[in-house]
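The values are calculated or read from the model by the stated rules, or taken from the named source; none is laboratory data. Everything numeric in this text was worked out from a predicted model, so none of it was measured. Reconstructed Cβ throughout: ideal geometry from the backbone, glycine too, with neighbour counts over all protein chains shown. Keep in mind that these areas ignore ligands, DNA and RNA; they rest on the heavy atoms of the full protein, side chains included. Shrake-Rupley method; radii C 1.70, N 1.55, O 1.52, S 1.80 Å.
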Amino acid sequence: MFLLVVCVCVCVCLQVEQVRLLDRFSNKSTNGTLYLTATHLIFVERSLQSDSILHHHIASVEKLSLTTTGCPLVIQCRNFRVVHFVVQRERDCHDIYSSLLLSYEEVYAFSYNPKQNDQQREEGWQIIDLGAEFERMGVPCDQWQLTNVNIDYKVCETYPRDLYVPITASKPIIVGSSKFRSKGRFPVLTYFYQEKKAAVCRCSQPLSGFSARCLEDESMLQAISKANHNSRFVYVMDTRPKLNALANRAAGKGYENEDNYSNIRFQFVGIENIHVMRTSLQKLLEVIGTRSLSMSDFLVGLESSGWLRHIKAVVDAAIFLAKAVTVEGASVLVHCSDGWDRTAQVCSLGALLMDPYYRTIKGFMVLIEKDWISFGHKFADRCDQLDGDPKEVSPIFTQFLECVWQLTEQFPQAFEFSEWFLLQIHEHVHSCQYGNFLGNNQRQREDLRLRERTHSLWAFLMSEKQNYLNPFYSPAYSEAHPVLEPSTLPYHFKFWRNMYHQFDRSMHPRQSILKTVLTMRENNRKAESTLQALEKVKVQRQEEDDDDDEQEEVGEEATESTDTERTVEGSSGTESRKQSYGELEGTYNSESAKEEPAVVSLEFGVARMTC
Amino acid sequence: MLSLTSSSTSRSDRSAQAKPPSGMSSDSVATSAELSPELRVSTQDVTYFCPFIGALRGTVTVTNYRLFFKCMDREPAFVLDLPLGVVSRVEKIGSASSRGDVSYGLVCKDIRNLRFAHKQMEDTLRKSIFEVLMKFAFPVSNGLPIFAFEYGQVFPENGWKVYDAVSEYKRQGIPNESWRITKVNDHYEVCDTYPSTLAVPVNIPDEELKRVAAFRAKGRVPVLSWIHPESQATVTRCSQPMVGVNGKRSKEDEKYLQAIMDANAQSHKLFIFDARPSVNAAANKMKGGGFESEDAYQNAELVFLDIHNIHVMRESLRKLKDVVYPNIEDSHWLSNLESTHWLEHIKLIMAGALRIADKVESGKTSVVVHCSDGWDRTAQLTSLAMLMLDGYYRTIRGFEVLLEKEWLSFGHRFQLRVGHGDKNHTDADRSPVFIQFIDCVWQLTRQFPAAFEFNEYFLVTILDHLYSCLFGTFLCNSEQQRLKEEVPKRTVSLWAYINSQLEEFTNPLYVNYSNHVLFPVVSLRHLELWVGYYIRWNPRMRPQEPVHQRYKELLAKRAELQKRVDELQREVTNRSASSSSERAGSPTRSITPVQTFV
């Protein structure tokens, strides 16, 4: 905190005193000073507590009409934070407003420096190796090979360089097929289920129009089918609603005709497009942002936003995929329109259901790197990293993270990571602090020389791995249940409070089980070290060394008498306490209150960033 | 969702093992009051239409306590074990003249319906089963004793001793300089729905108390429920004043409320919480009831809490049952849930209780709580507020005391609200008031997972035995009736059963919290449907993985580590004692701190 203030002194561009920060859901407010730096907006309270917002997180700034107390300024952030300032003088308010609106020509990642040398930076980028990942799946093998057709991004510029295809797919077939697919995204392997030799492939929609055919594309699918001896057919999943696919035919695109392709089983799964998803999220945010919301409005609003229905649609599709592969042993080809939004969601979630590796911290990074980053999910456009087209913005990746969260709720023991890991990833997808999610595809990233100029998020997350561990994770459970079969009953899809109300402290749970368990583990760890210390003492004693000093040291961590004062938990209408959420949380266990591990402070400090 | 309880499957496993009258788990006939031969009918080839699995063929056994269905075709064998107390209605489906299958349905109080069928040729058999069901499911209507009176199981502890009014008041520090315990109601003459032991302000003599009783509906005078250990602010409960259309006043009642206010030196105000919506309270004036006017009661502030009456609640739960049982409609789940208004009612009750607790804790002001008769909404509010204010009630035994005190002794009319053994299923007196209260408690445990000694299974068990009629705890309408029926003498208390296997009901996350006051967030974003109760019959409700198992492991590890630390320390101490006996003082000093810190 102090560090932040010092840092501000160096690079502050604008400073406004006497600013009031209003709480979103109560009538509380705090006074402080607002600083604007090149990268952050920082609010320092009188008590010197500070809070900062990265410019990249700001989605919109709105100046409301002048009131008696000052000029209100509402800032909406991409991480679902909403900040409401009241600035005393209108001129100051306008200054802040206009400087926040200035577009910055460079993303934060290029100036962000976590004090690492080049070698550490390079090591950070090497943490994830997709070649090794395909090797882990058992590819290349006798049916699948690595092809170099795209080594110069000639065949498909939104795909990565290294692609895996059936051995029987020759170069002319690949090139022919790519010409028949939207944006040249021909069918390639994304996941290989070794046990049944079944493959999950992905591509974009065929340019079939009403009647067009392409023999190379047909033989490509044939090759995929042949590569799997367990099944006579291959599933083709079109993740769009049928109506959308039909409409695409008029534009010369469309879907595979079952008559032209031998041995395919065609299936629509009905996930809506990016525009529907964007509107749905907007509706959701509107509903939950209402100040005095009645129970009816909440439930009805939640339903009519359709958000949870869309989440369910994605999970349903992933379940279909996982079943087809693990139960029927069939290969599956997944596509949507361009094959970088819904296809990424379904392929990655399906793999997560099938393979326990992806449910570990490292594995989850690999999964995102593979299905999202390398296969060209357009992060720059979808997350609006540099003033792009608002029509291209859509919460597709957020949806994926939410699907994973819904699964962690159903299977608390199956995931190595906790909710905070997902929240942290979401935070940095939008922060532009690390290079991983910049740009729309690998080619752009190479052009930007991101590996040399920015740092990798994965290295940072790995260094903080301790903070993201799920204490309930049981590797034994994963071994016993390699394939997850989630329930899709409607009440299993819940509103993700910690995502959408992450920054509204009054909405946080009063006590968290996660935290209790973490504290417990920490205590056990300390008990173990006490034990070791004692054993050492014992050895010393055995050597007849004197004396009692040592022992006292061990016991020094001192008694705390259990306090008998009445303590108030939670908030009330009249809010009689001054404690912040964090302090309050600490009171739940008088034994461990003082020894709270640093780990858990993350829970409410996700947003706190180093300057 | 991180649930505190284990999976539903393991829960049913557990309850199957734990259910006291054992012997039914195998087909063999055991010897207990339940299974005397003349009370037992058994039939082969009955079809049970499970809404989730489909039709199952098996055998049905009906005793004077339960219906037991077993289907051997499946692996593992399908078993349905239903205490007849939960049956609210038995209906014949299909006429006897038609030649097809004839069936009958059981509508249950615990959010499920069951359907069975026989072949037509077995009609006489069906009749006999139907008759036996009608007879034993509704013993009260047939002039039979409720099964609790025949169930003679002996437990190591006598559950009826859990609550003793005098010692509970003593725990709260009563009598003190402003409150006394009175025996004026010893023979239930002042108020027949109140307990014999009451706590009232010191300066109100018993004679005056009787005059106050005349002004309160059913004679339910304001009496102490809870007193704040520090500020002496109190929670008192009563029924509505008999104001009537003419705005009648009672000097004694006004003086009485003034005495309650005076008993708390910290505040010169008194809050009267009327649980009803103001419209309903005003409408009650037509029937001679009403509410305190602020003119008549100086320094008192009246607040309406807008909680609806028993009929609205009954209707709400009925709708909820339609929504969740047997199948849930995927597309309109949330709006269907909304249309029941169930969560909205829960929210209002919790918000009311929170306001009461806040006034007492933060405002140091005494409160008077009432509704119409002061035995439904009032009981919900006072007991919830007390649960927030006093950590003792959040222990297992404390919760038992809370129920015995605020619900049972103060005359929540369990017999009427639940309709034990009564076939009149349309009775307007039935209402899920108590279920609602337990739901609110569950919501609290969700927000404060470490503050309660009991787990979800404890709450579900209480609700199950609310209907089962196995224990005497929830029989009758008042303390007086229970004494007249000799319930404590002739039946077993639910607490005897629960306290004999506490480990089943203990929350592993519990840390002693006795000095904390819980103020829950009653925001709708924190309230959720209690899936573990209302939707527990649905097998598609994926059992939660036992998260608490993991915590138990950690606890066990801690215990083990503690033991080793102790051992080592003893060893070290002994060694040093032998080596340097002159310093005998220091080792003992160093033992204690480590223990507290581990």
Report summary line: Any trypsin sites (Lys or Arg not before Pro) in region A:204-248 that lie in a DSSP loop and have at most 15 other Cβ atoms within 10 Å would be A:R213, A:R232
Query raised in the report: Rule-of-thumb check for region B:439-484: C-alpha Rg over 2.2 N^0.38 Å?
Result: 1.47
Query raised in the report: Dipole of region B:144-215 (Lys/Arg Cβ +1, Asp/Glu Cβ -1, origin at the Cα centre): which of B:L209, B:A148, B:V166 lies farthest to the positive side?
Result: B:V166
Query raised in the report: If you rank A:R185, A:R291 by how much accessible surface each has, with a 1.4 Å probe, what is the order from largest down?
Result: A:R291, A:R185
Query raised in the report: Per the 1.4 Å probe, what fraction of the accessible area of region A:190-270, in percent, lies on carbon and sulfur atoms?
Result: 47
**Report entry** Cα-based shape type of region B:483-546, given that a ≥ b ≥ c are square roots of the gyration tensor eigenvalues and the cut on a/c is 1.5
**Finding:** prolate
**Report entry** Accessible area buried between chains B and A, both sides summed, probe 1.4 Å, in Å² to nearest 100
**Finding:** 7600
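So, for region A:395-517, what is the accessible surface per residue at a probe of 1.4 Å, expressed in square angstrom?
27
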Report task. With a cut-off of at most 11 other beta carbons within 10 Å, and DSSP calling the residue loop, which trypsin sites (Lys or Arg not before Pro) in region A:94-167 qualify? Please list them. Result -> A:K115, A:K154
**Report entry** Vicinal HN-Hα couplings computed from phi for region B:42-54 (Karplus, 6.51 cos²θ - 1.76 cosθ + 1.60; Hz; Gly/Pro x)
**Finding:** 10, 9, 8, 6, 10, 9, 10, 8, 7, x, 9, 9, x
Report summary line: Taking the chain alone as reference and the full protein assembly as comparison, with a 1.4 Å probe on protein heavy atoms only, the residues of region B:510-532 that lose at least 30 Å² of accessible area are B:V511, B:Y513, B:N515, B:H516, B:V517, B:F519, B:V521, B:L524, B:R525, B:H526
Report summary line: Extend 7 Å from the Cα of B:S278 along its Cα-to-C-beta direction; within region B:360-380, residues with backbone N under 18 Å of that point are B:370-372
Requested in this report: State the extension gain, in nm to one decimal, for the chain segment bounded by B:L483 and B:S331, taking 0.36 nm per residue of separation less the distance between their alpha-carbons.
Outcome: 49.5 nm
Query raised in the report: Looking at region B:445-461, which residues lose a minimum of 10 Å² of accessible area between their chain alone and all protein chains in place, measuring with a 1.4 Å probe and not counting ligands or nucleic acids?
Result: B:Q447, B:F448, B:P449, B:A450
Report task. Taking the Cβ of B:N284 as the centre, find all other residues whose Cβ is under 11 Å away and add up their charges (Lys, Arg: +1; Asp, Glu: -1). Result -> +1
Query raised in the report: Loop-only check: which GluC sites (Glu not before Pro) in region A:436-521 are DSSP coil with at most 15 other Cβ within 10 angstrom?
Result: A:E464
Query raised in the report: Of the peptides A:481-491, B:221-231, how do they stack up when ordered by the mean number of other Cβ atoms within 10 Å, highest first?
Result: B:221-231, A:481-491
Query raised in the report: What nm value, rounded to one decimal, do you get for the distance between A:D389 and B:S514 when each label is placed 7 Å out toward the C-beta?
Result: 6.8
Query raised in the report: Using the Karplus equation 6.51 cos²θ - 1.76 cosθ + 1.60 (θ = phi - 60°), what ³J(HN,Hα) coupling, rounded to whole Hz, does each residue of region B:265-275 give in order, writing x for Gly and Pro?
Result: 6, 6, 9, 10, 9, 9, 9, 10, 9, 9, 5
Requested in this report: Please work out the average accessible area per residue across region A:15-128, using the 1.4 Å probe convention, and give it in Å².
Outcome: 52
Requested in this report: Would you grab the residues whose amide H sits under 5 Å from the one on B:H516? Only those 5+ places off in sequence or on another chain, please, with H modelled 1.01 Å from N.
Outcome: A:T567, B:G391
Report summary line: Karplus ³J(HN,Hα) for region A:263-270 (6.51 cos²θ - 1.76 cosθ + 1.60, θ = phi - 60°; Hz, whole; x = Gly/Pro) runs 6, 10, 10, 9, 8, 8, 10, x
Report task. Go through region A:403-419 and flag every residue whose accessible area shrinks by 10 Å² or more with all protein chains in place compared to the isolated chain (probe 1.4 Å). Result -> A:E409, A:Q410, A:F411, A:P412, A:Q413
Report task. Would you mind working out the accessible area per residue for region A:207-304, using a 1.4 Å probe, and quoting it in Å²? Result -> 48
Query raised in the report: In whole angstrom, how far apart do the alpha carbon centroids of region A:170-244 and region A:327-349 sit?
Result: 11
Report summary line: Percent of all alpha-carbon pairs of region B:419-509 at distances over 19 Å, whole number, is 51
Query raised in the report: Heavy-atom accessible area of B:T59 with all protein chains present, probe 1.4 Å, nearest 10 Å²?
Result: 30
Query raised in the report: How many percent of the accessible area of region B:316-455 is carbon or sulfur, using a 1.4 Å probe?
Result: 46
Query raised in the report: What accessible surface, in Å², does a 1.4 Å probe find on B:I93, ignoring ligands, DNA and RNA and rounding to the nearest 10?
Result: 60
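Could you rank A:D23, B:D330 by how accessible they are, 1.4 Å probe, largest area first?
Largest to smallest exposure gives the sequence B:D330, A:D23.
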Query - Which of A:E256, A:E369, B:E344 is most accessible, then next, and so on - probe 1.4 Å - result: B:E344, A:E369, A:E256
Report task. Take the alpha carbon gyration tensor of region A:50-189, find the square roots of its eigenvalues, order them as a ≥ b ≥ c, and report rounded if a/c is under 1.5; if not, report prolate when a/b exceeds b/c, else oblate. Result -> prolate
Query raised in the report: Ignoring ligands and nucleic acids, what accessible area does A:S211 show with a 1.4 Å probe (Å², nearest 10)?
Result: 100
